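Derivation of every value follows stated rules applied to the coordinates shown; laboratory data play no part. Predicted model only: the values in this text are computed from it and were never measured. Note: ideal-geometry Cβ built from the backbone for every residue, glycine included; neighbour counts use all protein chains shown.
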Amino acid sequence: MQDTPSPGPGPFLPGPVQRLAAWCAVLLLVSGVVYVGIRLCDELRTAVVPVLLALLGTALLGPLHRRLVKAGVHRSVAAALTCVAVVAVVGGAVYIVVAALIDTGDQIVASLKEASRGVSEHFGAAGTSLDDLASNARELLGKFGGTAASGVISGFSVVGESIAVAVLALLLVFFFLRDSDKAAGALRSLAPRGSADTLEAMARRALRAVEGFMRGTTIIALIDALCITVGLLLLDVPGAPGLGALVFVGAYIPYLGAFISGAVAVLVALADRGFVIALWVLGVVFAVQVLEGHVLQPAIQSRTVQMHPAVVMVTITAGASVAGVLGLLLAVPLTAAAFGVAQELRTRYEGQEPSPEPSTDS
C-alpha cells in the first residue's frame with residue numbers, strides 16, 4: 001500500500017495574512033518605541049523642551065544665518081547677530097502687546113463689569129455680578145487664602161522655569177547655527193557602518209520639512225497680522241500694532257493662538273469703542289481666519305509641508321493631550337519631520353522588489 005505524500009514545508013498561513021501580521025508587528029513595535037520615547041521626553045522635559053525649541057528656531061533662522069555667512073560675516077558673529085535680531089523682534093512684540101493691554105486694561109475691566117451687570121439684570125440672577133464678587137472677596141480670601149498663596153508661588157515657579165527654558169533655547173540656537181556646518185560630519189561619524197548616507201539623507205529631509213513648515217507658518221502669520229492690523233486701524237481701535245504683533249506671535253500655536261489673539265482684540269475694541277465696533281472686529285478676525293484656512297494654508301503650506309489638514313488636526317489634538325501648549329507648538333513640525341523621513345525612505349527603497357527565487361524545474 002502506497003503512503004500518501006506529506007505536504008511540503010510551506011507556510012501555515014496564506015501570503016496576504018502573513019504580510020498583514022508582519023505589518024501589525026511593525027506597527028506595534030513602532031508604537032511601543034514612540035510611547036517609550038514620549039515617556040522619556042516627559043521625564044526629561046526640562047532638557048528636551050529647550051532642545052526642541054532650539055531646533056525649531058534653528059530651522060526658522062537658518063536661511064538668515066546662511067545669508068550672513070555668504071556675505072562674509074564670521075559664523076559666530078552671524079549666529080550672534082541672528083539671535084540678537086530674534087530677541088529684538090520678540091521683545092519688541094511683547095513690549096507693544098503689554099503696553100497696549102496696560103493702556104486699555106482699566107477700560108476692559110470696566111466693560112466686563114458693565115456686561116456682567118447687564119446680564120445679571122436681564123436674567124434676574126442675584127449675586128452674580130463682579131461687584132458682588134468683589135464685595136465677598138475678603139470672605140473668599142479667608143477661606144481659600146492658603147490655596148491662593150500656593151497658586152501664586154506655583155505661578156512664579158512656572159514663570160521662572162519658562163524664562164530659564166527660553167534662555168537655554170536661545171543659547172542652543174546660537175551653538176546650532178554656529179556649528180551647523182559640522183552637523184553632517186558628526187552625524188556620519190555616529191552612524192553604523194554602511195548607513196551614513198541614508199542617515200544623512202533622512203536628517204536633511206527632516207530639516208527641510210521643518211524649515212518649510214516654519215517658513216510657511218511665518219509667511220501666514222505675517223499676512224494675518226497685517227490684515228488684522230489694517231482692519232483695526234480702519235476701525236480706530238487703540239493699540240492696533242500691538243494686537244497685530246500678538247496675532248503674529250500667536251500664529252505659531254495652532255488654533256489656540258488665533259483664539260487668544262482674536263479674543264484680546266475683541267476685548268480691547270469692546271473697552272474703547274463699544275459693542276458695535278467689537279462686533280466689527282470679531283468679523284475681521286473671523287474673515288482673516290477663513291482666508292487663512294481656505295486660501296493661505298492650501299496655497300503656502302501645501303508647497304512647504306506635504307500633510308493633509310486632517311493629519312494636522314489629529315496631530316495637534318494628540319500633541320495637546322500629551323504636552324499641553326508645548327504639544328500644540330511642537331506636534332506639527334515634529335510630524336512634518338517624521339513625514340520627511342518616511343518620504344526619504346520611500347524614495348530610496350521603492351522599486352526594490354525582492355528577486356524571484358530561481359526555478360527548480362529540470
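Descriptive notes on the structure:
- Remark: the stretch 71-86, residue by residue, has Karplus-estimated 3J(HN,Hα) of 6, x, 7, 4, 4, 5, 5, 5, 5, 5, 4, 5, 5, 5, 4, 5 Hz, where x stands for each Gly or Pro and the curve is 6.51 cos²θ - 1.76 cosθ + 1.60 at θ = phi - 60°.
- Working note: Karplus 6.51/-1.76/1.60 with θ = phi - 60° gives the stretch 36-50 the couplings 5, x, 5, 5, 5, 5, 5, 5, 10, 5, 4, 9, 6, 4, x Hz, where Gly and Pro are set to x.
- The 3J(HN,Hα) values that the Karplus relation (6.51, -1.76, 1.60; θ = phi - 60°) gives for the stretch 317-329 are, in residue order, 4, 5, x, 5, 5, 8, 9, x, 5, 5, x, 4, 6 Hz. Gly and Pro appear as x.
- Spin-label model distance (nm) - Asp197 vs Ala166, 7 Å beyond Cα toward Cβ: 4.6 nm
- Taking label points 7 Å from Cα along the Cα-to-Cβ direction, Ile219 and Tyr349 give a separation of 3.3 nm.
- Computed from the C-beta positions of Tyr35 and Leu187, the FRET efficiency with R₀ = 22 Å rounds to 0.30.
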